[in-house]
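Structure record follows, encoded as structure tokens.
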Amino acid sequence: MNTMNLSLALPEIFVAFMACLILVVDLFLSTRQRIFIYFLAQVTLIGAAVLTVQGMTSNSVTVFSGMFIHDAMSDILKLAIYLIVFIVFAYSRDYIRERNMFRGEFFVLALFAMTGMMVMISAAHLLSLYMGLELLSLCLYAMVALQRDSGKATEAAMKYFVLGAIASGLLLYGMSMLYGVTGDLSIVAVKQKIATMSPDDIILIFGLVFIVAALAFKLGVVPFHMWVPDVYHGAPTAVALFVSTAPKVAGFAIFMRLLVGGLIDMSPSWQDMLIVLAILSMGIGNLVAIAQTNIKRMLAYSGIAHMGFFLLGILSVSKTGYTASMFYILVYAFMTLGAFGMVILMSRHGFEAENIEDFKGLNQRNSWYALLMLLLMISMAGVPPTLGFYAKLMVIQSVIDTGMVWLAVVSVLFAVIGAFYYLRIIKLMYFDDAKDHSPIHASMDMRILISFNALILIAGVLYKPFIDSFVGICKVAIAGLS
Amino acid sequence: MMSFQHIVFFAFSAILVFAATMVVTIRNPVKAALYLVLSFFTAAALWILLQAEFLAIILVLVYVGAVMVLFLFVVMMLDVNLARLREGFGEYLAIGLLVAVLLLLEMILILSSGDFGTAHMTAPAALAADESNTRALGILLYTDYLYTFEIAGLVLLVAIVAAIALAMRKRKDTKFQDPSKQVRVNRDDRVRIVKMKSGK
């Protein structure tokens, strides 16, 4: 029963089943009972986490005719994604209810998107990797357009869909070239075949270019970043919160599975490509973010810059580098959750806190929320002692270890430039007078979660065992890779 | 020396290439759809030549029989304004050509690299007369590729959910049928007997 071990894919099966169940249950609920859907979705995430923890192993097992891999990294990333989606649902609940989006589809599509991410994380075959990516992307396109009467959301969804379809095409084209040369779709077999070939083989290089371009697009890296600001800006904030966090973690997984797992013998080629992408992302992301007046667009460009930093770890082509990247992407996800959570918190019925101006004088209105936003911003800027600083330190350290000191200098310079727009928000909150004095309402669970979300960024560093075990977990995940 | 198989192959290939070219060049969308039917049909004939009868029959039944008929209906009902679709064609022609030429060059580079060609592929052994195509496909789909097959199912489900979530609207004046009301109807609801004086 080695090829058909269903129990290893139990979390995926459970999530897909529960998503179908929610789809049906939703039909029989009235608008007032619909809150039940929310609890069902959260129970799904908790159930999936329990199943994943029960099935944890330290050795890697491949099932389903070599399509599905189960190892330490897949368990840890899946658990991280459950937690992220759990927080996304909790932050979004009141927001989508006030905007008539509280429908079963929001949760169903998010859960299916999560299934897609889980498939990507456990992909050991080019085909399953692609199918997982498509399942994820299709759900995201629909979620961006979910607010049907908003012209901005529809436009963003259309752009996202067209560009996303092209990126999927590029990925398939690249994969078809790999298949043409190696004659196999299984990532392990591709790796073994490439080891016997010259890494300068023209078809391999072409295939690699297409694959790197497609991955860069999906992650939102310059020069494939054009969709990111439009989608974050146009989509309802709850959807932007989802799009900007969990899929990035899955993006890390496909970088690891495909570039590191399958194309490691071509690392000199993709290292050069990633260096260019990383410098462009850090540069353009940080510079253009300064010019933004809309906080969602600013966070989008800040996200692009963060993806540049994230690539620094991968392009170090070392286990410490991968560990640093994994740490970075998880910290990034939690910082972004907090930042978009604050945008949701400031919005209320009929009012979207979209502009940076809306944060003016937040300290006078509510000093606790201002403090939380301060923590989030300094962590994103990478000011010590925060997790954001620690994450940047780790990736830059890994770059220096490989001897590319110039790249480390460039990235620090861009980080300093980037600090400007984070500090501007802090200045607006503490030194300007509030124009809008309406009280900020939030449910108890949202207040607790967002406080926890922001405080962990600083408490995590001050409390040494936490950060040690966090880094330790990333190390275990990377060490488990073959 | 050309065998009978070669002649059949080249004849069908020529028709296929011709039909495919017509699909993209002809102006009338209905005719384009009909040429697409022709190209599917000839492709099915080529598959039969490759001993893939099951796939060939499915192609004719599903694509020619169902999908293309639906396509024709849509083309006829939507009354697509082609003049508007062609707007801006010249504007993007230059960049389109550039991309096309680049892709063509890449393909030439790849195909001329010597990694492809009949030398790298051993000819498959002839199949036995009772070889079951259906069985082979079944094993591939439901055993070897079961996992991705199931995910493909999920992708289709998401497509349905997304299409309904985005496109279905309930308006007050939407016309729809309610079968339970239809079967419960009785004569008095529908027929009104009017007594009229007979005229002379």
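A few notes on this one:
- Segments classed as helices (runs of 4 or more DSSP H), wholly inside the range A:232-305, with at least 2 members that are free of Cβ contacts under 8 Å to residues at least 40 places away in the same chain, crowded, with 24+ Cβ neighbours inside 10 Å and among the aliphatic types (A, V, I, L, M): none
- Within the range B:1-20, residues that are farther than 17 Å from B:W47 by Cβ and assigned by TED's automatic domain parsing to the domain that holds B:A32 reach partners that are part of a helix (DSSP H, G or I) and among the small types (G, A, S) with beta carbons closer than 9 Å, at six or more positions or on different chains, in the pairs B:F18/B:S39.
- Test: A:R99 is more than 10 Å from chain B (Cβ to nearest Cβ), surrounded by fewer than 24 Cβ atoms within 10 Å (Cβ to Cβ), touching a residue at least 24 places away in the same chain (Cβ under 8 Å) and among the charged types (D, E, K, R): yes
- Residue in the range B:152-165 that is nearest to A:R148 (Cα to Cα), counting only those that are more than 7 Å from every other protein chain (Cβ to nearest Cβ) and not β-branched (V, I, T): B:A163
- Filter result (hydroxyl-bearing (S, T, Y) and facing chain A (nearest Cβ under 9 Å)) within the range B:104-131: B:S113
- Here A:L8, A:L40, A:L29, A:L21 are screened, and the one residue that is more than 27 Å from A:I96 (Cα to Cα) and either away from chain B (no Cβ under 11 Å) or surrounded by 11 or more Cβ atoms within 10 Å (Cβ to Cβ) (or both) is A:L8.
- Any hit, the range A:43-58, residues being within 13 Å of chain B (Cβ to nearest Cβ), surrounded by 20 or more Cβ atoms within 10 Å (Cβ to Cβ) and of a type outside the set (A, V, I, L, M, F, W, C): no
- Checked against (1) out of contact with any helix residue (DSSP H, G or I) (no Cβ under 7 Å at 6 or more places or on another chain); (2) more than 14 Å from chain A (Cβ to nearest Cβ), B:M168 passes all but condition (2).
- Taking the range A:43-55 as the range and being within 23 Å of the chain's Cα centre (by Cα) and closer than 15 Å to A:I76 by Cβ as the test, the residues that pass are A:A48, A:A49, A:L51, A:T52, A:V53.
- Here A:G460 clears all of (1) at pLDDT below 90; (2) surrounded by fewer than 19 Cβ atoms within 10 Å (Cβ to Cβ); (3) closer than 29 Å to A:S92 by Cα except the condition numbered (2).
- Output for the range A:130-169, where each listed residue is closer than 14 Å to A:K218 by Cα, in contact with a helix residue (DSSP H, G or I) (Cβ under 7 Å, 6 or more places away or on another chain) and more than 9 Å from every other protein chain (Cβ to nearest Cβ): A:L133, A:L136, A:S137, A:L140, A:K159, A:Y160, A:F161, A:L163, A:G164, A:A167, A:S168
- Condition met for B:T134 (surrounded by 11 or more Cβ atoms within 10 Å (Cβ to Cβ), at pLDDT 85 or above and within 14 Å of chain A (Cβ to nearest Cβ)): no
- The residue that is farthest from the other protein chains (Cβ to nearest Cβ), counting only those in the range A:61-96 that are among the β-branched types (V, I, T) and within 17 Å of A:A339 (Cα to Cα), is A:I87.
- For the range B:109-142, a residue qualifies if it is of a type in the set (A, V, I, L, M), part of a loop (DSSP other than H, G, I, E, B) and either free of Cβ contacts under 8 Å to residues at least 40 places away in the same chain or over 18 Å from B:W47 (Cα atoms) (or both), and the qualifying residues are B:M121, B:A123, B:A125, B:A126, B:A128, B:A129.
- Only one of the numbered conditions (1) surrounded by 14 or more Cβ atoms within 10 Å (Cβ to Cβ); (2) facing chain A (nearest Cβ under 8 Å) is not met by B:F149, and that is (2).
- Residue within the range A:170-190 that is within 10 Å of another protein chain (Cβ to nearest Cβ) and aromatic (F, W, Y) present: yes
- Considering the conditions (1) at pLDDT below 95; (2) over 30 Å from B:L140 (Cα atoms); (3) among the small types (G, A, S), A:G55 is excluded by exactly one of them, (2).
The values are calculated or read from the model by the stated rules, or taken from the named source; none is laboratory data. Keep in mind the model is a prediction, meaning the values are calculated, not measured. Cβ sites come from the backbone with ideal geometry, for glycine too, and all protein chains shown count toward neighbours.
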